[in-house]
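Enquirer: One structure, as structure tokens, below. Some questions next.
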Amino acid sequence: MMVDAAVGADERVLCREDEIAEGAARGFPAAPGGFTGLFAVRKAGQVMVYVNSCPHIGLPLEPLPHRFLDTRKTHIICSVHGARFRIEDGVCITGPCVGQELEAVPSRVVDGLLVVPADAGV
Ligand code: FES
């Protein structure tokens with residue numbers, strides 16, 4: 001996650017960066033023209049953003065809005081077949097897609113806003 005001065009025309013604001021608490025995740029709808037949403041999660045102060053598509057068969061991960069983490073908040077979990085992913089790099093450590101990765105989205109903070117490329121997930 002980088003910090004910079006202005007939101008570009010080719011970028012999309014997801015939310016305020018401080019709206020994602022430590023150990024929490026938040027989902028976002030697909031960008032206009034897209035079908036796949038994104039989600040952001042904070043661990044050890046860092047916010048990671050991923051495409052909300054499980055590498056197993058491409059389904060959204062969460063069973064309920066914003067519920068991307070296991071009950072102990074230690075891993076991202078796919079509700080469909082139970083794959084577990086490391087928060088910090090999106091690598092699947094157990095489940096049917098072990099060794100595969102969630103698609104990471106580059107993000108940065110602009111005036112406290114969490115910003116990603118406009119075409120992320122499209
Ligand atoms: S779709 Fe995620 S584990 Fe099968």
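Enquirer: Could you list, in sequence order, all residues of the range 40-92 that are touching a helix residue (DSSP H, G or I) at 6+ places or on another chain (Cβ under 9 Å) and on the phi > 0 side of the Ramachandran plot?
Expert: none
Enquirer: Does the range 66-122 hold any residues that are assigned to a strand (DSSP E or B), more than 10 Å from the ligand (Cβ to nearest atom) and charged (D, E, K, R), and which are they?
Expert: Answer for the range 66-122, where residues must be assigned to a strand (DSSP E or B), more than 10 Å from the ligand (Cβ to nearest atom) and charged (D, E, K, R): Arg86, Glu101, Arg108.
Enquirer: Among the residues of the range 54-86, write down those that are β-branched (Val, Ile, Thr) and touching a residue at least 40 places away in the same chain (Cβ under 8 Å). Working first, answer last.
Expert: The initial filter retains those residues of the range 54-86 that are β-branched (Val, Ile, Thr), namely 57, 71, 74, 76-77, 80.
The one that is β-branched (Val, Ile, Thr) and touching a residue at least 40 places away in the same chain (Cβ under 8 Å): Ile76.
Enquirer: Can you tell me which residue in the range 97-106 is surrounded by the fewest Cβ atoms within 10 Å (Cβ to Cβ), limited to those that are within 20 Å of Cys54 (Cβ to Cβ) and within 11 Å of the chain's Cα centre (by Cα)?
Expert: Of the range 97-106, the ones within 20 Å of Cys54 (Cβ to Cβ) are 97-105.
From what is left, the residues that are within 11 Å of the chain's Cα centre (by Cα) are 102-105.
Values: Leu102: 27, Glu103: 15, Ala104: 13, Val105: 19.
Among them, the one singled out is Ala104.
Enquirer: Which one of Val122, Val116, Val91 is modelled with pLDDT under 95 and either surrounded by 13 or more Cβ atoms within 10 Å (Cβ to Cβ) or closer than 22 Å to Asp18 by Cα (or both)? Can you show your working first?
Expert: Values: Val116 fails: modelled with pLDDT under 95; Val91 fails: modelled with pLDDT under 95.
Exactly one residue qualifies, and that residue is Val122.
The values are calculated or read from the model by the stated rules, or taken from the named source; none is laboratory data. Fair warning: this is a prediction, and the values are worked out from it, not measured in the lab. Backbone-built Cβ (ideal geometry, glycine too); neighbour counts: all protein chains shown.
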